[in-house]
Every structure is written in structure tokens, then in C-alpha cells.
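Scroll down for the structure; my scribbles are underneath it.
The values are calculated or read from the model by the stated rules, or taken from the named source; none is laboratory data. What you see is a predicted model, and the numbers here were worked out from it, not measured in a lab. Note: ideal-geometry Cβ built from the backbone for every residue, glycine included; neighbour counts use all protein chains shown.
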Amino acid sequence: MITFEAKTRTFFLDGKGVTYAFFINHADFAEHLYFGKTIGHDDLSFTRASGSRSTIAKVPGHDDFSEEDGSYVQFPAELSFFGTGDYREPTLHLENQSGDRLTELLYAGYDLLPEKPPIPGMPSMTGGETLVLHLKDKVTGFAADLYYTVYDDADVIARHIVYKNEGAETVTLRRAYSFAMGLPQNDYQVLSLYGAWARERRIDKIPMHHGVISIDSKRTTSSAELNPFMALLSPDATEEFGEVYGVSLVYSSSFVLKAEGTIDGVTHLTGGINDFDFAWPLAAGETLATPEVVLAYSAEGLGGMSRAYHDAYREHLINPRYVKTPRPLLINNWEGTYFNFTNEKLMAIVDAVVGTGIDTFVLDDGWFGKRDDDSSGLGDWIVNEKKLPGGLKTIIDHVHSKGMNFGLWFEPEMINEDSDICRAHPEYVIRVDNRHPCYSRHQWMMDLTNPEVRDYIVTAVNKVLAENQIEYVKWDYNRNVTESFSKALSREEQLGFAHRYALGVYDLCERIVEANPGIFFEGCAGGGARFDPAMIHYFSQIWTSDDSDAEERTHIQYGTSIVYPLSTMSCHVSICPNHQTGRTTPFATRATIAHLGATGYELDTTTFTEEDKEAVKAQVADYHKMEKLVLEGDLYRIDNPMESNFFSEAIVSKDKTEAILVTYRRMASVNNQIKRVRMAGLDPEKRYEVAELGQTVSGAALMQIGLVPNWSGDFAAVEYHFKAID
């Protein structure tokens, strides 16, 4: 519910368990007051503090304001601007026609909407009552509409800004962030998710300090190196206790998020589209919408914040067709064959899993063009009938005859120099004339800022999908932009390349994913290099990492779950020794860890023994028993593998009648100490039947005393199942 208290000019935004409050102060500035647990609609003026008076500049035209409360830099901001005495990181940096960079965006009214409208050209959260706060510069006419959306089923606030040139002259946006917000202290721990190929989303935590902490990507993708997410934890915060604020950006291109510790002892947050290598001209009457940022609050530690994001993204961002629908349980041929396959080899892989419960076969890279390795063929989305006589129909018919669905791999945004499409249309490549583009994985990138290129890709991919009975698509993306230049853009538009590329990606997804509602799409980016909220809108699950080693996956999946639901993580059982690490882990452990997400298999099934086949059948049956929990349940992280020898996670149904605990020990030791794993998330008043114990135990005992797993050997995993009894 959104309320405006006219007497104090205060806006109260009340969601499921949170209140967000700001007011229009004596300078007509939108001043942030509070974000946290639900509070009453009191006059919050008593919470304001005067702040520093160190060389302040008074609000223009208001020399009568007191030094204690007379400068923009002293007001916690909903939008901060440059050049009028505010020296904090600005949300907006605007160049006017004269060359000056001054703006003063002040209150000009508001509207209340029963439901948030979509953001043009970009994915965003659906539903929710929405406030539109109108700010305007009285001198130039430049304006900003600040959107705030509240939800009654998640502890989050969704925000974005639409910048509008309502003046008579063209202006240039040098920075166009999505939000600003003030927090009441600056002794937080700042948490981010860093990584690299095959070790994505590791947790990094550093103390807040005076000055700016910035995380960003300049890769024209959200990147494996830094995820578009930041959390600020109170000094006493743990996994389940203490205050945590989350900032998650619904965006897939170059981004930046900033936390600034000010001299006043408070924290200023802002961020959005990366303003490095960015400029965006706005002619009179034109607008620019920014990507959405989802702000979460938790008084129940990092775990509470994660569950808030999981609820919000499942209910309001992921495709509702699939969010709670059982996912394809697949076998992918990639690690079993790589490029070296025939119809006969593929059929043998399919035949080997008949009767196990695996329901989908996915043909990975190598089925199209001249494609026997990764140096040629990308962009030529025509079946290679020399490799696959009869086209895709032969293998598709065989898969369907076994009662399974068929899936296919694409990498729509990429092109090889050695391809028919590149020879015919070299202008489709992102490149600068007289310079040789950088190779990465022997490939270049298609210029998605060019509508003609997008039309080619949409036509080519949709033709394959229309001509074949395909139920599943894996959409890959195996490199980052290097040249950031388009022959289709004017000189003035080049500095907006990264954002225009993102809009091109979303256009492709709308025209391919949404045009094929009967096909399930999985995202991939050399593993998890584009695992962000915008992508999970189109791809209900994403290949979490190319590293499928069970030990490494405990780290990767733990870090990913900080923001993203288990249901968005594609987690496969692969061969050992593992192709990324060379490590050998038990087959049962690989399955147990893979079950903490949308599960599948990535190996050569033609090597299966009867014992292997029976093991897979049992694993698939076990996964189906817990699949509803993976899709809909609450996650509780118990043991952090980045800080200990153990990894433990529990998934609990919303009504707390059912749960599962997965617990894992990395290395065994002789005469080791007792390890107790305390269950989490159960109802302490309920009694639970624990199948593995053969007895019934109270939720209170399971959470307060815990279980003592009997691990055997290195890399060992144990599962416990809990069912409440009447």
C-alpha cells in the first residue's frame, strides 16, 4: 500500500513486511527517510540529522536556509544531482546545450498506479502498486519520473527512473543511474559476488569505508567477474540474524553499483547503467528509461534477504509458464562427444537412458554449418546434413520414439569469420574498419545494435524451430564485446553502444523466446557469465557454470543462491575425472549436489553399466520427490563451503510440512571430531518423520540439537527427508 501524508509531505510505501519512506523537504527535494521493517505512519522529522557543515554550499536561491539544514549534500537522496552543492556520487550527470552540467530536479507532483507498467524494451518485475514521483528542473525543463513498486508477497521495493527532456534543446546524459538511497550508518560490511569462468559467484565481503566502493562490468554483459548485485550487512549480521540491505539490478550489460561512505557517517547508494564509455543524446520530447533495481530488506540476516529475492523473482520476474512447472530432466551430449558425433552415436546416448526417467535429450554445439570445431560455422543456422544425414529429423524422430523430448543448442549472438554469413555480410560483425577484431574462442560478435542483424538472427533461428519438433533450446553466449562500435550507429550514438546492445539482446529474446511459447529455453554464457535477473526473465533456468565438478559446485551454487532461486540454477551430473578440475567424486555425491537445482546429466551414457543405469534411475526418482521443494521452497544455507570443510543447505516448504537437508563433507580425517548440522526453517512445534533416522523428532530438537551425519570418505554427501505428521 502506498500512502501520501499531505501534512508532512511524506510518502509511505508498505510492502509485505517492509516500509520505505521519504518526504519532500523544505527545499522541494525528495529526501530519503527510512527503509526497513514495517512501521507506523508517524511524522519522521525527528529522525533527521543536520550532518556535516564542512564547506557546504547552500541550496541555490536560499541563502536564508540555516547551515544545519541548508545544502543538498546534507539530505539523504532519492535522486542526487551534480553541480549545486551535492558532492556525492550523482544519480544523474547531464550536459546541457550550452555545455554546463547543472541540474536541480525538484518535486513536481506524483501519480499512483494500481500496477506497474512494463519498462519499454527491457524486462522488469510485474505487478504491484506503483508510485510515480515527478521531479523537474525549472530552468531547463528536464524531468525525471521515479517509479517505486511495492509487493504484498515479498520484502522488496522495485525502482527505476525515466529521464525526460521536456525542454526545447537537445541534452546529453553522461550518467543515467536507476536509483539513489541513503542508509543511516556507514559501518556496514559490503558483500558482492565475484568470479571468473568456471568459478562464478564467489562471496567477497569488505568493510565499508569513507569514500566509494564500486563494483562494475565494462564487458557489455553482466559478467562472471562481478554480478550486478550488492548487499550491505550490519556489523552483527550473520546468515540468519541482523539487518541486511540488498541491491539487485535487472540488467544484462555494463553496469555499476556504488556505496559511498560519507563524512556524515551515513551511506549513499546509487547505480545502474555503467557511465564509463556512455553518453545518450536526448532531443526535445525524448525519454530514456533505466533498468530496474530491486531493493530488499531483511532483519533475518543474509538468508532472509535471499528468500526475499527468491520469492520476488519467482512470483514477479521468471516466466510464469515455467516458474513452478517441473523442468526438463535432460541428458546433454556435450561432454560425452563434443563436436565428434554421428546420428548413430547420438542415438546410442539416447538409448542408454531409456527407462531411467531422463525425459529430454539435448544436442549441443556442432549440428550446423561447417562446424567440426569452434573455428567455423557460427551464424550459419542451417543443419549440416553431411554430419547428420536426413537433417535434424532423423535424431528427433528417434528421440521422440523413445518417449523423450528433443532439445537443441544455439549461440545466436556470435559469428565465425569462417562462415557463409560473415563472407556475405561482414558488416554484421562488431568491429572498427582497418582494425582486426579480437578473437575469443575463435569467434566474433554480431552487432545487435543493428536491426538488420537482429532480423537475420530471428529469421534464421525461428526457421529451424518452426521446421522441427523441438521442445527445448539452450541459448549460449561464449565471449564478451571488445570493440564496442557499430557501423549502424551515428557518432553521437556510439557511446551508448553497451546499452543499445542490451536492448538488442532483449529484442531477440522477445522475438524468439516469446514467439515460441511451447519451447523451454535455458540460458548459458560460457557457463554463468550472464546470470542476472534480466536473463532469468527469459530463461527460467541458466547453466550455472561450465564447471560441473561437485566440489566446485558447492561453492558456485552457494554463492548463486545469495540472490537467485534454486530453480534458476541448471545443475548437472558429469563424468569423472571431471573435465574442468580432473577431480573424481562419488557418483552419488554428484547427483546429490546437482539436485539442489534444475538437474540433468552431462556425460557419455553409452559407457553406462547396468549398475550405473540403475543408479541414475534411483537418482531421478529421488529428484522427483524433492522437485516441488526446489521449485517453490524456502532455502536455508547452514554450512558455507567457502569458510569450512562442510556444505549444508535445507529447503523447506512454505507451510513447513516438508523439508530436505543436503549436507556434504569435503575431506575426511582420521578420528575426526563430531559435526552437528542444525536444521533450519522447520516449525518448532511440529513433529517430523525423518526417514533416514527411522524415527519422529520435533522441529525444535532438529533445529536446536541438530543431526550427526555419517559421511563416508572424501567428497561425501548425505540427504535427510522430513515430513510433518498430524
*Taking residue 588 as the residue in question, decide whether it is buried (at least 22 other Cβ atoms within 10 Å of the Cβ) and either of a type outside the set (S, T, N, Q) or assigned by TED's automatic domain parsing to the domain that holds residue 298 (or both).*
no
*Please enumerate the residues belonging to region 675-715 that are aliphatic (A, V, I, L, M) and over 13 Å from residue 656 (Cβ atoms).*
677, 690, 691, 693, 697, 701, 705, 707, 708
*asked:* Go through (1) at pLDDT below 90; (2) surrounded by fewer than 21 Cβ atoms within 10 Å (Cβ to Cβ) for residue 72 and report which single condition fails.
replied: (2)
*Could you tell me which numbered condition residue 168 fails, if it satisfies all but one of (1) farther than 26 Å from residue 73 by Cα; (2) modelled with pLDDT of 95 or more?*
(2)
*What are the residue pairs meeting all of these: first residue in region 23-49, first residue under 15 Å from residue 80 (Cβ atoms), second residue of a type in the set (Phe, Trp, Tyr) and part of a loop (DSSP other than H, G, I, E, B), Cβ atoms under 9 Å, and 6 or more apart or on different chains?*
25/75; 27/65; 27/75; 29/75; 30/75; 31/75; 32/75
*Can you tell me how many residues in region 373-392 are crowded, with 16+ Cβ neighbours inside 10 Å, over 20 Å from residue 413 (Cα atoms) and touching a Gly at 6+ places or on another chain (Cβ under 9 Å)?*
1
_I need a count of the residues in region 683-700 that are surrounded by 14 or more Cβ atoms within 10 Å (Cβ to Cβ) and of a type in the set (Val, Ile, Thr)._
2
*Hits in region 488-506 - residues which are among the charged types (D, E, K, R) and crowded, with 18+ Cβ neighbours inside 10 Å*: 500
*Test each condition in (1) under 20 Å from residue 383 (Cα atoms); (2) surrounded by fewer than 21 Cβ atoms within 10 Å (Cβ to Cβ); (3) not aromatic (Phe, Trp, Tyr) for residue 452 and report the one that comes out false.*
(1)
*Within region 401-414, can one find any residue that is surrounded by fewer than 16 Cβ atoms within 10 Å (Cβ to Cβ), out of contact with any helix residue (DSSP H, G or I) (no Cβ under 8 Å at 6 or more places or on another chain) and in the same structural domain as residue 348 (by TED's automatic domain parsing)?*
yes
_residue 545 farther than 24 Å from residue 304 by Cβ, within 23 Å of the chain's Cα centre (by Cα) and not charged (D, E, K, R)_ = yes
*For region 135-142, state whether one or more residues are under 26 Å from residue 1 (Cα atoms) and out of contact with any Gly (no Cβ under 8 Å at 6 or more places or on another chain).*
yes
*Tell me, yes or no, whether region 335-355 has at least one residue that is part of a loop (DSSP other than H, G, I, E, B), in contact with a strand residue (DSSP E or B) (Cβ under 7 Å, 6 or more places away or on another chain) and in the same structural domain as residue 395 (by TED's automatic domain parsing).*
yes
*Does residue 123 fit the bill of being free of Cβ contacts under 8 Å to residues at least 12 places away in the same chain, within 26 Å of the chain's Cα centre (by Cα) and either surrounded by fewer than 23 Cβ atoms within 10 Å (Cβ to Cβ) or outside any strand (DSSP E or B) (or both)?*
no
*Residues of region 557-579 satisfying the condition of being within 30 Å of residue 246 (Cβ to Cβ), assigned to a loop (DSSP other than H, G, I, E, B) and not hydrophobic (A, V, I, L, M, F, W, C)*: 561, 564, 565
_Of all residues in region 128-149 being among the polar types (S, T, N, Q) and not in a loop (DSSP other than H, G, I, E, B), the one that is nearest to the chain's Cα centre (by Cα)_ = 149
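Let's see how each residue does on (1) surrounded by 20 or more Cβ atoms within 10 Å (Cβ to Cβ); (2) in contact with an Asp or Glu (Cβ under 7 Å, 6 or more places away or on another chain); (3) among the charged types (D, E, K, R):
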position	(1), (2), (3)
581	no, yes, no
607	no, no, no
611	no, no, yes
619	yes, no, no
*Within region 437-454, can one find any residue that is hydrophobic (A, V, I, L, M, F, W, C), under 18 Å from residue 514 (Cβ atoms) and assigned by TED's automatic domain parsing to the domain that holds residue 363?*
yes
*Only one residue in 642, 679 is over 30 Å from residue 319 (Cα atoms), touching a Phe, Trp or Tyr at 6+ places or on another chain (Cβ under 8 Å) and surrounded by 20 or more Cβ atoms within 10 Å (Cβ to Cβ). Which one?*
679
*Could you check region 416-535 for helices (runs of 4 or more DSSP H) lying wholly inside it with 3 or more residues that are over 30 Å from residue 195 (Cβ atoms) and in contact (Cβ under 8 Å) with a residue 24 or more places away in the chain?*
420-424, 451-467
_Looking at 217, 222, 254, can you tell me which residue is more than 27 Å from residue 580 (Cα to Cα), among the polar types (S, T, N, Q) and within 22 Å of the chain's Cα centre (by Cα)?_
254
*Check region 328-338 and report whether any residue there is among the aromatic types (Phe, Trp, Tyr) and more than 23 Å from the chain's Cα centre (by Cα).*
yes
*Can you name the residue in region 356-372 that is part of a loop (DSSP other than H, G, I, E, B) and in contact (Cβ under 8 Å) with a residue 60 or more places away in the chain and, of all such residues, is farthest from residue 471 (Cα to Cα)?*
356
*asked:* Given the options 525, 534, name the one that is touching a Pro at 6+ places or on another chain (Cβ under 8 Å) and crowded, with 21+ Cβ neighbours inside 10 Å.
replied: 534
*Among 724, 717, 621, which is the only one that is touching a strand residue (DSSP E or B) at 6+ places or on another chain (Cβ under 8 Å) and within 25 Å of residue 600 (Cβ to Cβ)?*
717
*asked:* Please pick out the residue among 290, 262, 267 that is under 30 Å from residue 489 (Cβ atoms) and buried (at least 18 other Cβ atoms within 10 Å of the Cβ).
replied: 290
*Can residue 193 be described as buried (at least 17 other Cβ atoms within 10 Å of the Cβ), within 19 Å of residue 31 (Cα to Cα), among the aliphatic types (A, V, I, L, M) and at pLDDT 95 or above?*
no
